[in-house]
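Below is one structure; the comments refer to it alone.
The values are calculated or read from the model by the stated rules, or taken from the named source; none is laboratory data. What you see is a predicted model; the values in this text were computed from it and never measured. Neighbour counts are summed over all protein chains in view; Cβ atoms, including those assigned to glycine, are modelled from backbone coordinates with ideal geometry.
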Amino acid sequence: MVDLKLDIEKTKQNKMATQLDKDITRVSTVTVEDREVLVTLTEDQRISLKLKGLKKGEVSISIQDLYNQLSGSKETASNDGPKRTSKEFVSLHDLRSQVMISSNLDYASKTVFEKIIVDLIKGI
């Protein structure tokens, strides 16, 4: 009986990863603008985010580019960086995120820019 419980616990802890060979979409528990966020891992190795119920405003980035940006890797980025399906505008949140993960700016510049963007967001 004890061995069975241990096996069940080990199974819960050791989830097997599978190849990303088809699109997988999940609804996040995070809400933005009072809408749930749909997260899709695509077969072509991209991460796509979209607000549930909206046709426009989807953003996506290749998994490799996202990893390189978050890890600070100097590896050459692919030509298919962040993409938007709607080119009408750039949200302040998207701009803020891109500046923060950018390795092209020093910390002092990032903090000044962060304060400006936060003030703009609060003013909306």
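Where in the range 1-63 are there strands (runs of 3 or more DSSP E), lying fully within it, with 3 or more residues that are at pLDDT 90 or above, closer than 23 Å to Ser97 by Cβ and not small (Gly, Ala, Ser)?
24-32, 35-41, 46-51
So which residues in the range 112-124 are over 19 Å from Leu70 (Cβ atoms) and of a type outside the set (Lys, Arg), if there are any at all?
Within the range 112-124, Val112, Ile116, Ile117, Val118, Asp119, Leu120, Ile121, Gly123, Ile124 meet the criteria.
Which of the residues that make up the range 90-107 are of a type in the set (D, E, K, R) and over 13 Å from the mean Cα position of the chain (by Cα)?
Within the range 90-107, Arg96, Asp106 qualify.
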